[in-house]
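Since the structure comes first, as structure tokens, the remarks are kept for the end.
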Amino acid sequence: MSGSLSAGPCAGLSVVEVVVGTSELGLGLAGGVPGMLLAGLGAEVTRVTGTESAPIDADVPWGRVWHRDKRVVAIDDRDEVFALLRDADVALVYGPEELVERRGLGYREPAAANPSLVYARCRPSRTAKGAVADHGLLVEAAAGFCTQLAGHRPGPIFADVRAPGIGTASLLTVSVLGLLRRRALTGEGGWAETSLYDGMLATLGCMIGRSERAAPEIEGYWEKGSTFPNFLYRCADGELIQVWFGGKGMYASLIGVLGDEPSEEGYYADQMTGRLGVRAERWVSLFAKRPRDVWIRELREAGVACEPVLGPGEALADPHSAEVGLAVTRTEGGHRDVVFGAPISVSPLAAGLISDAPLADAPAVNRPPGGGRGLLSGLRVADFSAFVAGPLAAEVLADLGADVVKVEPPGGEAMRAAAYAVAACQRGKRSVALDIGAPEARDAVERLLGWADVVVHNFRVGVAERLGIGAETVARLNPGAVYCHASAFGDTGPRARFPGNDALMQAVTGFERAIGGEGNEPIAATWIPIDMAGGWVAAAGILAGLYARAVDGGGRRVVTSLLGAGMLAHSGVFERDGELVRGPGLDARQTGYGPGYRIYEGGDGAWFALVVPDGEAWRRLASEVASLSETYAPLRGGAADASAREAEGVLEAAFATEPASVWVDRLRGLDLLVEPIEPLDRDGFRSALLDDPVNRRTGRVVTYETADWGRFEQIGPLLRYGQGPADGPPLMIPRVGEHTTEVLTELGLSPEEVDGLLAAKVARQLDEERA
């Protein structure tokens, strides 16, 4: 049962994490962040590990942040673990099948003893190629992900983007909160499952697509990847600045600040003709003339978005991070630590309106799931968001069965020009084309706000209020709603009104520097990973609000941010006594974290990934590579740093003597964890994913008809759960205004009123004949 509002929406819940036969390094964020997020929302979390920790984790400090609010117990006795599960509200279970099932810790036995248990499992990754052990690196290597970002040398790289970890953490957290809401309404427990492979896919929605007849410039993005330049510049003081100017008027303002020649046709024309690329190269010499602080001041004064390029963890020192709860100070053993805080804020929507029963004027508040599709069947969502993070959050709700109405201007939202974002974030919704700021639209907007169980937007601070869809307005019209602001920097603090997007957040959160490797220039990921993470975090926040509302009937206000989602990726990094504690980092050649967790090149130029999780595996490796020291030193940067670096040189030299395929066979013969890396271009990578029969059978890949592109294939809904209706969501991408008349009529507008809005061009209904 949830506790008081001030204690968080999950207060009073007991969560048990069970970790069997896995490592902190291998699972990454997946193994600790779901419990951390639930603890941040008020739950009491107990983490159960074996009495012997994974040897490869000896120099991995990230768990100090991820487990800081948990009770950590080391238990080998199965009955003691089972007793904890018998009394728990939520179980998060990690580990190989044989260990989990052999100990009776799979879903069936705990659920039989505790029928109301919400059970979420991270299973080993499986595709048509077979199963892959729970190490993010191996999952990425087996999928060919290591080939999808150009590095500082030819060949695949260890792309330090934490994709399997952050995606799996998102899937687990969303699944748990969705099942908790249903349990609050029906009393039923249930299960959910995912894997590190599914988690990787959860971050790649904007990357993967394949159409039958999309225009060449659209299909070309999915076939070849983004060729858009990254506007990253080195300034006179040697520091780097990231610039973004996609907002209204920013392009002209940037040109003015730089003193460059004006653009005659504007941003989009310059982008399509290649003139923008020419300018981007010319700007290198211009930015080199002044220090970064000067550029930041002048660009922000001109309304141009920009951010400094920082390293992982450095944003913890920004006063804004502390003000919005993303950096918190703690003491441990006489040390002063600054650690990552809470990326989700959930509070009452309307103070004084919370009661122990559903609100009389909000009959939809405790509407139980109907006989339709999914966990959120019958739930209504008004999606006023644009671009990626907000729309993705709403799409996740649609994937769970909600009726999502996308509200966009009559000309379509700004990202309609970016087909990859439309495909990744608008599936399963209905589109209403409406000028919500027009006085004539006010009645329709207020009806929509009153109709919705969830209202979501990602406008800059102050814009929603100006448009009449702010939190106070929604609280007055619909006090039982869950209102979500998926912001850039949060809704308070000195940065609250700054614009933000994926590129800026990759810069300020250390994402680009982490990918670049030690001492190298930063590299940006090209598939919008932080925007995608922001969408998943917002979806989790909304579901936390919906769970709390299911318990007490009151509306909730949810605030998330792209900054929080970006910092989450490297949330294991923390500051101790003024110095950053980073843990394993990428080397200059972008191969990995050390001899026992990296990729290697064979004598034929092909590559493979190798993980050596313990001393016994190291000894088996040494039996094949005679010159390898017996000292187990899998990672650089720890107590055995010198031994690790020496071992890397020995292994690199040994592996260069034979083709990679020979080494893969030999190492597998020694029962070592190794995966070959197939050299794939973007088309090969998407084909391997989309054509995999296991992916198709499990729904990871879906195919459906679209009006503009014909048959379309993409990553499908990735949330898998049981104990209740779980039919798939409707597979379609709405065209601008396709459902305007339908929805406005459902809201109670008369035919004459709808026709009046259409005639005034305040609303637009898609003309099927012309379309």
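The values are calculated or read from the model by the stated rules, or taken from the named source; none is laboratory data. Not measured: the values here are computed from a predicted model. Cβ sites come from the backbone with ideal geometry, for glycine too, and all protein chains shown count toward neighbours.
Data for the structure
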read-out	value
Selected residue (only one of V736, V701 is in contact (Cβ under 8 Å) with a residue 12 or more places away in the chain and within 27 Å of A120 (Cα to Cα))	V701
Any strands (runs of 3 or more DSSP E) falling wholly within the range 197-310 and containing at least 3 residues that are within 30 Å of A142 (Cβ to Cβ) and in contact (Cβ under 8 Å) with a residue 40 or more places away in the chain	209-211
Residue count for the range 606-635, restricted to those that are within 16 Å of E658 (Cα to Cα) and under 33 Å from the mean Cα position of the chain (by Cα)	5
Test: residue in the range 183-200 that is β-branched (V, I, T) and more than 18 Å from E678 (Cα to Cα)	yes
Leading residue by the ranking (farthest from I166 (Cα to Cα)) among those in the range 572-622 that are assigned to a loop (DSSP other than H, G, I, E, B) and acidic (D, E)	D604
Test: I515 is farther than 21 Å from I344 by Cβ, assigned to a helix (DSSP H, G or I) and among the β-branched types (V, I, T)	yes
Residue in the range 148-163 that is in a strand (DSSP E or B) and among the aromatic types (F, W, Y) present	no
Strands (runs of 3 or more DSSP E) within the range 68-134 that include 1 or more residues within 15 Å of T22 (Cβ to Cβ) and charged (D, E, K, R)	118-123
The range 84-127, residues that are on the phi > 0 side of the Ramachandran plot and aromatic (F, W, Y)	none
Residue that is surrounded by the fewest Cβ atoms within 10 Å (Cβ to Cβ), among those in the range 752-765 that are out of contact with any strand residue (DSSP E or B) (no Cβ under 8 Å at 6 or more places or on another chain) and either of a type outside the set (K, R) or at pLDDT below 95 (or both)	E752
Total residues in the range 161-187, condition farther than 11 Å from R121 by Cα and touching a Ser or Thr at 6+ places or on another chain (Cβ under 7 Å)	5
Residue check for R696: part of a helix (DSSP H, G or I), without any contact (Cβ under 8 Å) to a residue 60 or more places away in the chain, under 21 Å from E219 (Cβ atoms) and not assigned by TED's automatic domain parsing to the domain that holds M532	yes
Close pairs from the range 159-188: first touching a residue at least 24 places away in the same chain (Cβ under 8 Å), partner acidic (D, E) and surrounded by fewer than 24 Cβ atoms within 10 Å (Cβ to Cβ), Cβ under 7 Å, at least 6 apart	R182/E188
Candidates A394, A398, A382, A342, filtered to the one that is in a strand (DSSP E or B), at pLDDT 95 or above and within 29 Å of the chain's Cα centre (by Cα)	A382
Residue match in the range 114-122 (condition: in contact with a helix residue (DSSP H, G or I) (Cβ under 8 Å, 6 or more places away or on another chain), under 30 Å from G585 (Cα atoms) and surrounded by fewer than 24 Cβ atoms within 10 Å (Cβ to Cβ))	yes
Which listed residue, of T526, T492, T560, T509, is of a type in the set (V, I, T), within 16 Å of the chain's Cα centre (by Cα) and surrounded by fewer than 24 Cβ atoms within 10 Å (Cβ to Cβ)	T526
The range 23-42 residues that are part of a loop (DSSP other than H, G, I, E, B) and surrounded by 24 or more Cβ atoms within 10 Å (Cβ to Cβ), paired with ones that are of a type in the set (K, R) and at pLDDT 95 or above (beta carbon under 7 Å, 6 or more apart)	G28/R162
Total residues in the range 588-598, condition buried (at least 23 other Cβ atoms within 10 Å of the Cβ) and in contact (Cβ under 8 Å) with a residue 60 or more places away in the chain	7
Search result, residues across the range 274-317 that are of a type in the set (D, E) and surrounded by 14 or more Cβ atoms within 10 Å (Cβ to Cβ)	E298, E307, E314
